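Asks: Can you read through this structure? Questions will come right after.
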């Protein structure tokens, strides 16, 4: 009976995995199909490296479909947010898993998980009404800037990094910390030299999930970063690919070059995420070896 149950469960897992893969392929093929007509009007190099985005012909006699500034802003704000989130999140995960008591972990984990459940528009609203005003008082001329968006985004990434990292750190702590104590090795040395390196491959997996969330985030970044087609600077405005798609898809005429260019922008975002995942995956496999 147990063998039959295991076989049925195995079949269900295979079916659901196949459905997931097929769904992903379908989405990529659909986006690609809608994006390809763009390149009948615009060359690939002009689209990727052009800085003029003027898609509506009535506004300009010479429409432009260059998304280089959007690509740069997306990568810039995501990497900056990841740097902030990893710096804070990894420290918090080490504390919760290796230092904090069981009771404190039980109290803190629900609050950390709650951060993941807050809608992104709420983060954007808080950033717009609190963080932007702080930047204005600090002398930033508009308040809306890449750094403000990165700070808001980093808070949104913390639950993914803290929860995933603390779980793997806690398992490795149970494996190695008592052995280190028995050998007379200092606790912090064991954490830094044994537990953290042993957990690194799983921490990188958590980073893959977090970078995907960072690059695809729309509402919070759109509300705080300023939405200006400018090359991003840390205290300057910018606009991400996800933001420009969200702002303009509703007004784009179906079948127009503008419409297809927005799909092409989404395809570029998918390709960037795929490349980042491949790079992190290669690094993870190298660490495993």
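Asks: Any residue that is within 19 Å of the chain's Cα centre (by Cα), within 30 Å of residue 234 (Cβ to Cβ) and surrounded by fewer than 17 Cβ atoms within 10 Å (Cβ to Cβ) - is there at least one of those in the range 36-46?
Replies: no
Asks: When you look at residue 239, is it assigned by TED's automatic domain parsing to the domain that holds residue 135, at pLDDT below 85 and either touching a strand residue (DSSP E or B) at 6+ places or on another chain (Cβ under 8 Å) or buried (at least 23 other Cβ atoms within 10 Å of the Cβ) (or both), yes or no?
Replies: no
Asks: Just to check your reading of the model, which residue among 18, 24 is part of a helix (DSSP H, G or I), at pLDDT 90 or above and surrounded by 10 or more Cβ atoms within 10 Å (Cβ to Cβ)?
Replies: 18
Asks: Output yes when any residue across the range 95-118 is touching a residue at least 60 places away in the same chain (Cβ under 8 Å), out of contact with any strand residue (DSSP E or B) (no Cβ under 9 Å at 6 or more places or on another chain), surrounded by 20 or more Cβ atoms within 10 Å (Cβ to Cβ) and closer than 19 Å to residue 163 by Cβ, and no when none is.
Replies: Yes, there is a match, as at least one residue in the range 95-118 is touching a residue at least 60 places away in the same chain (Cβ under 8 Å), out of contact with any strand residue (DSSP E or B) (no Cβ under 9 Å at 6 or more places or on another chain), surrounded by 20 or more Cβ atoms within 10 Å (Cβ to Cβ) and closer than 19 Å to residue 163 by Cβ.
Asks: Right, something else. Quick check, is residue 252 in the same structural domain as residue 206 (by TED's automatic domain parsing) and modelled with pLDDT under 85?
Replies: yes
Asks: For the range 226-242, name all the residues that are outside any loop (DSSP other than H, G, I, E, B) and within 16 Å of residue 66 (Cβ to Cβ).
Replies: 238, 241, listed by residue number.
Asks: Quick one: would you say residue 275 is at pLDDT below 85, surrounded by fewer than 15 Cβ atoms within 10 Å (Cβ to Cβ) and assigned by TED's automatic domain parsing to the domain that holds residue 204?
Replies: no
Asks: Would you be able to tell me the number of residues in the range 56-68 that are surrounded by 21 or more Cβ atoms within 10 Å (Cβ to Cβ) and either assigned to a helix (DSSP H, G or I) or at pLDDT below 90 (or both)?
Replies: So the count comes out to 1.
Asks: For residues that are closer than 22 Å to residue 120 by Cβ and in contact (Cβ under 8 Å) with a residue 60 or more places away in the chain, scanning just the range 244-261, find the one that is surrounded by the fewest Cβ atoms within 10 Å (Cβ to Cβ).
Replies: Per the stated criteria, the residue is 248.
Asks: Something else now. Hey, among 75, 79, 28, which residue is in the same structural domain as residue 155 (by TED's automatic domain parsing), touching a residue at least 24 places away in the same chain (Cβ under 8 Å), closer than 30 Å to residue 202 by Cα and out of contact with any strand residue (DSSP E or B) (no Cβ under 6 Å at 6 or more places or on another chain)?
Replies: That would be 75, the only listed residue that is in the same structural domain as residue 155 (by TED's automatic domain parsing), touching a residue at least 24 places away in the same chain (Cβ under 8 Å), closer than 30 Å to residue 202 by Cα and out of contact with any strand residue (DSSP E or B) (no Cβ under 6 Å at 6 or more places or on another chain).
The values are calculated or read from the model by the stated rules, or taken from the named source; none is laboratory data. Every value quoted in this text rests on a predicted model; they were computed, and no experiment measured them. When we count neighbours, we look across all protein chains shown, and the Cβ atoms used for this are built from the backbone with ideal geometry, even at glycine.
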